[in-house]
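The values are calculated or read from the model by the stated rules, or taken from the named source; none is laboratory data. Being a predicted model, the structure only gives us computed values, none of them experimental. Note that each Cβ is placed from the backbone with ideal geometry, even for glycine, and that neighbours are counted across all protein chains shown.
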Amino acid sequence: MGWVGMPCKDIYALTSSTCHNTHKQTNKHKLFFNNTMTQLALECQRHMFDLDDSDTPVAYLNACSCSPIPTQVHEAASQALAAKRKPWTMDTSTSSETHVKRIYAKLLSNSSAVSEQDIALCPSTSYAMTLAANSVNWAMHANPTVVVLDQQFASNTMPWQHHAKLRIVQRRRGRNWTDGVLEELANDDVACVAIPHAHWTDGSTVDVRAVAEACKAKSIPLALDLTQTLGAAPIAIGPDSVDATFVACSVHKHLYAPYGSSLLYVARRHQAHMRRLEFHERQVRDWPDFDAKGASLFDASTGGYPTESWTDMRKADAGGRPNPTLMPALHASLELVVGWDPRRISEYVAPLSQLVEDAAIDVGLSVARPRVAHIVGIHTPSGSHLPSALELGAELKKRGVLVSVRCGVLRVSFGVFNTVEEARMCASVLREVCVAS
């Protein structure tokens with residue numbers, strides 16, 4: 001993966017502001033893209049959040065760490081939590097769980113290629129990928145390896161290194177992630193490819209469709225971690241698009257939900273091979289209401305409870321009752337994201353991130369390319385007199401601009417709640433600090 005010191009070929013120009021801190025909607029952005037004037041379909045959604053009542057206002061450009069939750073998501077969670085004060089008022093049905101899976105399936109694909117029965121509820125992406133790793137046929141290779149990216153996030157790395165040696169695609173000038181992954185796939189010992197759509201440190205992307213096609217040609221499973229992109233960047237999963245074997249996504253970033261869940265998709269061709277990590281009644285086919293008949297299903301003569309599981313991904317759901325506070329909140333947040341549409345979200349944040357990229361390049365910093373529209377990964381060139389990522393992050397924080405520093409990279413990330421003013425503030429501070437150095 002190379003660092004480049006020039007702006008991308010597509011030139012974005014903002015001609016008007018979208019929203020202000022007063023929460024009032026004003027003019028829409030107009031965007032010059034490939035010399036064609038188009039009207040952005042999605043306006044700033046800051047009015048959907050509660051971000052401007054602080055005594056010390058900040059520009060929060062850190063959605064890739066943890067997004068704020070919209071007001072109606074907070075209300076859904078609050079109402080669900082309040083019901084626990086009077087447990088007899090709680091919704092103990094599985095309808096919320098089913099709705100969450102159905103909306104998530106729609107977010108992954110608008111076709112019937114993905115349905116709620118292809119989705120499992122997990123407490124984390126590491127749990128989801130552990131499920132995936134346990135289902136791979138490692139015995140097909142004498143010394144199996146798994147292809148990952150250099151400095152890839154742990155959730156989609158550690159579950160695989162427990163089973164096999166890692167083939168690590170290194171950053172290399174003049175070679176992008178996609179080329180590196182495809183090169184490693186040429187090795188006969190590769191048993192799986194486990195990668196993100198965009199690297200968590202800098203937003204640099206992988207052409208996951210090209211990788212999926214190469215994996216399918218060699219009958220090698222592909223495990224995608226979409227935590228940094230699903231909900232913020234357009235991507236379609238399924239046999240006619242990105243035909244991954246496993247797809248997991250934590251919900252607290254670009255799905256605008258509280259912490260505590262990851263959703264795992266498994267391609268239908270592989271579901272028969274899934275091995276459960278837990279054993280509980282919700283995995284059992286046609287399990288009745290426990291209060292009504294569940295206890296009577298215990299049969300000492302046959303060794304206990306029935307164990308015949310569902311054949312779809314319900315058999316892989318994590319144990320315990322789905323969190324009755326999280327499920328309504330996740331349902332509400334997924335409805336919002338589907339309504340906003342990841343493609344329109346990406347188009348909205350693209351000119352904001354371009355303002356920051358342009359400022360970084362103007363002062364001699366480098367930006368990781370190609371990248372997703374909502375993340376700018378800024379790197380100080382080796383031997384440069386310019387401030388380091390840590391120093392830049394500290395200066396931005398002093399001025400009320402909150403970003404992340406990841407593995408020596410300044411990561412600036414945007415969401416639907418961010419404004420042009422915030423992007424300009426970040427760009428201005430970068431210019432000021434670097435010129436002063």
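Answer yes or no as to whether VAL100 is in contact (Cβ under 8 Å) with a residue 24 or more places away in the chain, under 16 Å from LEU334 (Cβ atoms) and assigned by TED's automatic domain parsing to the domain that holds GLY319. Full working, then the answer.
Numbers: in contact (Cβ under 8 Å) with a residue 24 or more places away in the chain: yes; under 16 Å from LEU334 (Cβ atoms): yes; assigned by TED's automatic domain parsing to the domain that holds GLY319: yes.
Yes: the conditions hold for VAL100.
Determine if the range 296-319 includes at least one residue that is touching a helix residue (DSSP H, G or I) at 6+ places or on another chain (Cβ under 6 Å), touching a residue at least 24 places away in the same chain (Cβ under 8 Å) and among the hydrophobic types (A, V, I, L, M, F, W, C). Yes, that holds for at least one residue.
Taken together, the criteria exclude TRP310 from residues that are in the same structural domain as SER109 (by TED's automatic domain parsing) and touching an Asp or Glu at 6+ places or on another chain (Cβ under 7 Å).
In summary, strands (runs of 3 or more DSSP E) completely within the range 212-325 and bearing 1 or more residues that are among the polar types (S, T, N, Q) occur at 246-250, 262-266. In summary, SER111 fulfils each of the numbered conditions (1) surrounded by 14 or more Cβ atoms within 10 Å (Cβ to Cβ); (2) of a type outside the set (Phe, Trp, Tyr); (3) farther than 30 Å from ARG406 by Cα; (4) modelled with pLDDT of 90 or more with the single exception of condition (4).
Conditions: (1) modelled with pLDDT of 95 or more; (2) under 28 Å from MET140 (Cβ atoms). VAL251 meets all but one. Number of the miss? The failed condition is (2). Listed by position, the strands (runs of 3 or more DSSP E) inside the range 98-201 whose residues that are in contact with a strand residue (DSSP E or B) (Cβ under 7 Å, 6 or more places away or on another chain) and among the basic types (Lys, Arg) number at least 2 are 165-169.
Within the range 203-234, the set of residues being surrounded by fewer than 24 Cβ atoms within 10 Å (Cβ to Cβ) and under 16 Å from GLU347 (Cα atoms) comprises ALA233, PRO234.
Residues considered: ALA360, ALA368, ALA316. Of these, the only one that is in the same structural domain as GLN117 (by TED's automatic domain parsing), surrounded by 23 or more Cβ atoms within 10 Å (Cβ to Cβ) and aliphatic (A, V, I, L, M) is ALA316.
Among residues of the range 398-407 being without any contact (Cβ under 8 Å) to a residue 60 or more places away in the chain and over 25 Å from ALA154 (Cβ atoms), the one that is surrounded by the fewest Cβ atoms within 10 Å (Cβ to Cβ) is LYS398. Can you tell me which of (1) of a type in the set (Lys, Arg); (2) more than 26 Å from ASP150 (Cα to Cα); (3) touching a residue at least 60 places away in the same chain (Cβ under 8 Å) is the one LYS253 doesn't meet? The number of the failed condition is (2).
In the range 337-352 there is no residue that is over 25 Å from the mean Cα position of the chain (by Cα) and closer than 26 Å to PHE49 by Cα.
SER382 meets all of the listed conditions (1) surrounded by fewer than 17 Cβ atoms within 10 Å (Cβ to Cβ); (2) out of contact with any helix residue (DSSP H, G or I) (no Cβ under 7 Å at 6 or more places or on another chain); (3) within 21 Å of TYR60 (Cβ to Cβ) but one, namely (3). Every condition in (1) assigned to a helix (DSSP H, G or I); (2) touching a residue at least 12 places away in the same chain (Cβ under 8 Å) is met by GLU432 except one, and the failing one is (2).
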